[in-house]
Structures are given as C-alpha cells and as structure tokens.
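The values are calculated or read from the model by the stated rules, or taken from the named source; none is laboratory data. Keep in mind the model is a prediction, meaning the values are calculated, not measured. Cβ coordinates were reconstructed from backbone atoms using ideal geometry, including for glycine residues, and neighbour counts include every protein chain displayed.
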Amino acid sequence: MYKFFLLNSLMLLWSITAIAQCNPEDWIEWGYDWGKVIEKEALKLFPLSEADEEIIGDSLHLQMIAKGNVAKNHPQKATLQRILRKITPHVKRKGIQYEIHILEDKKVPNAFSLAGGHIYVTEKMIDWVDSVNELAFVIAHEVGHIDGKHSIAKVQKLLLSETALSHKYGKEYAQMVGSLGLLLSSPMGQIDEYEADRLGASLAVKAGFNPRDGLNFFERMSKKESKNIIERIVRTHPYSSARHNCLDEYLRVDLKK
C-alpha cells in the first residue's frame, strides 16, 4: 500500500511539474519546479482566508506608507486605476479588494505586489513603458501574482519558518509576517514569474488589452541583462529573453493571439 501511495504521489508531482514548466529541457527550471510543488504542499499546513490576507496586506501597506515614497496625489493615478478596474473583474479570487499605488522613484522601472491586493508601480516604470497595453500587462502581471497566491505564499513561508523555530503560532499578524523589508527582499521565484506572465496575459485579454505588447517590454528588458550560469541559478526572476519566448508561445498556442 505504501509503495502504491508513493508511486501515485510521484506521478502526480510529475504531471504538475510537466504542466508548470516553461522550458521542459532546462534542468534548472526542472529543479525549481519540483521545489515549487513541494513548497505548495507544505504551505497547505498554514491556510489563510482572504479576510486574513487583506488584514496582513493592509498592515504591510502601512509599512510602505511609513517609508515615505507612496505618492498621495499623482497625475497618473487615475490612469492606473482605470486599467486596474478593467482587469480585476476577471480574477478568480473575488474576495480580494485591489488597490494600486505609485511610488516616487524616477530611477528604477519596477512594479511589485503584496498580499491582500496592494500593487505598487514606480514613476520610472510608468515613463518607461511604451503603451497603455504594455502598462496594462505590467499591472495584470502583478494581479496575477496576487490571484495566483504567490504573494500570500511569502507570508505563509514566514509562518512556516517561525513555527518550525518557535513551535508557536502567533496571533498578531504583524508579528507573523515579520518586517516588510524581509518580504520585499525575497522576490517571486522564477516559476512564479512564468505563471504570473501567463495569468497576466489571460487577464489582459479578458480586459480588452493586447498582451503582445508585453513582448516588447521583455525585448527591451533583455538588452539590459548579462547572462552567466551562476547568476542563472541564483537569480529570482528568469531572464527576460526566456520570459519573452515563453509568453510568445502561450499567446500563440493557448490564447490564439
């Protein structure tokens, strides 16, 4: 019976991995994919409701405000909100309330999301994109991280680590999630990025945007990257050229775009 259970478990893991991978022949992604499957199973030990997630997200957002670079009245805020309002009706997890914020940073083109529906886009990213469709893909990608439970998984991983060390389950969410800096210093894994690209593309299509502009985004990003095997293993995001190729295939084969 044990051997039968083990065999079936391995077959299940293999099938999940085969579906999740972007580049099946890439041994690095193959290893990360297996690790992601095991991680998801472990995190089921620490379930959090959408209400819990929003409480955590709001607490983290207050920490972001305390950093002093969240714009209060930015002229581009209305544009980002309009894009977000077109995307969010198509998410799977309807209990999450999404909010988008602009960070006063004119140097680094960046966007990221936190558990509970908070999305942040830097001023440089808004200036750097070439079209509304490209900006919509960036925002939809971040929505994909939240809807795909990548953001809350980071909180769950901190819970898992804390419990493993202290054997206690803290009741105060601020203590459970730890510092905001710790969360932001461990960006989404490479497999999560591929998945968020797919989720974002699908959301963008449903919202009436052209996700193919996301390919232009990755083409420009790839010109800023240098490649070597060590960096390939330790980096938290796949190379933009790999994301471009993966997204292009998904758009052609799955979305017929």
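Among residues of the stretch 132-147 that are in contact (Cβ under 8 Å) with a residue 24 or more places away in the chain and closer than 17 Å to Glu219 by Cα, those with a beta-carbon under 7 Å from a residue that is buried (at least 24 other Cβ atoms within 10 Å of the Cβ) and not hydrophobic (A, V, I, L, M, F, W, C) at least six positions away or on a different chain give the pairs Glu134/Gly214; Phe137/Gly200; Phe137/Pro211; Phe137/Gly214; His141/Asp197; His141/Gly200.
Considering the stretch 121-158, and only residues there that are among the basic types (Lys, Arg) and under 19 Å from the mean Cα position of the chain (by Cα), the residue that is nearest to Lys106 (Cα to Cα) turns out to be Lys154.
Here is a yes/no grid of residues against (1) within 14 Å of Leu199 (Cβ to Cβ); (2) of a type in the set (Ser, Thr, Tyr):
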site: Leu84; (1), (2): no, no
site: Arg93; (1), (2): yes, no
site: Gln97; (1), (2): no, no
site: His101; (1), (2): no, no
site: Val108; (1), (2): no, no
site: Glu123; (1), (2): no, no
site: Ser131; (1), (2): no, yes
site: Ala136; (1), (2): yes, no
site: Ile146; (1), (2): yes, no
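Say whether the condition of being loosely packed, with under 14 Cβ neighbours inside 10 Å and at pLDDT 90 or above is met by at least one residue in the stretch 129-151. Yes; the residues of the stretch 129-151 include at least one that is loosely packed, with under 14 Cβ neighbours inside 10 Å and at pLDDT 90 or above. Report, ordered by the first and then the second residue, all pairs with beta carbons closer than 6 Å, sequence separation of six or more or different chains, a first member in the stretch 76-100 that is assigned to a loop (DSSP other than H, G, I, E, B), and a second member that is modelled with pLDDT of 95 or more and not aliphatic (A, V, I, L, M). Correct list of pairs: Val91/Asp147; Lys92/Asp147; Arg93/Asp147; Ile96/Gly117; Gln97/Gly117; Tyr98/Thr88; Tyr98/Gly117. Within this structure, Asp197 passes the test of being within 26 Å of Met64 (Cα to Cα), surrounded by 13 or more Cβ atoms within 10 Å (Cβ to Cβ), at pLDDT 95 or above and charged (D, E, K, R). The set of residues in the stretch 101-122 being part of a strand (DSSP E or B) and either of a type outside the set (S, T, N, Q) or over 12 Å from Glu142 (Cα atoms) (or both) consists of His101, Ile102, Leu103, Ala111, Phe112, Leu114, His118, Ile119, Tyr120, Val121, Thr122.
Consider the stretch 237-257 and keep the residues that are outside any helix (DSSP H, G or I) and out of contact with any Asp or Glu (no Cβ under 8 Å at 6 or more places or on another chain). The one that is nearest to Cys22 (Cα to Cα) is Leu255. Of all the residues in the stretch 102-121, those that are out of contact with any Lys or Arg (no Cβ under 8 Å at 6 or more places or on another chain) and without any contact (Cβ under 8 Å) to a residue 40 or more places away in the chain number 5. Can you find a residue in the stretch 98-109 that is at pLDDT below 95 and surrounded by 14 or more Cβ atoms within 10 Å (Cβ to Cβ)? Within the stretch 98-109 (the criterion being at pLDDT below 95 and surrounded by 14 or more Cβ atoms within 10 Å (Cβ to Cβ)), the answer is yes, since at least one residue qualifies. When you scan the stretch 193-213, how many residues do you find that are within 15 Å of Val91 (Cβ to Cβ) and of a type in the set (D, E, K, R)? Final tally of qualifying residues: 3.
Here the condition is being at pLDDT below 90 and under 19 Å from the mean Cα position of the chain (by Cα); of Leu84, Leu48, Leu80, Leu60, it holds for Leu48 alone. Taking the conditions exactly as written (free of Cβ contacts under 8 Å to residues at least 12 places away in the same chain, outside any strand (DSSP E or B), farther than 28 Å from Asp248 by Cα and not acidic (Asp, Glu)), does Gly57 satisfy them or not? It is false that Gly57 is free of Cβ contacts under 8 Å to residues at least 12 places away in the same chain, outside any strand (DSSP E or B), farther than 28 Å from Asp248 by Cα and not acidic (Asp, Glu). Considering the conditions (1) surrounded by 15 or more Cβ atoms within 10 Å (Cβ to Cβ); (2) among the acidic types (Asp, Glu); (3) modelled with pLDDT of 90 or more, Asp192 is excluded by exactly one of them, (3).
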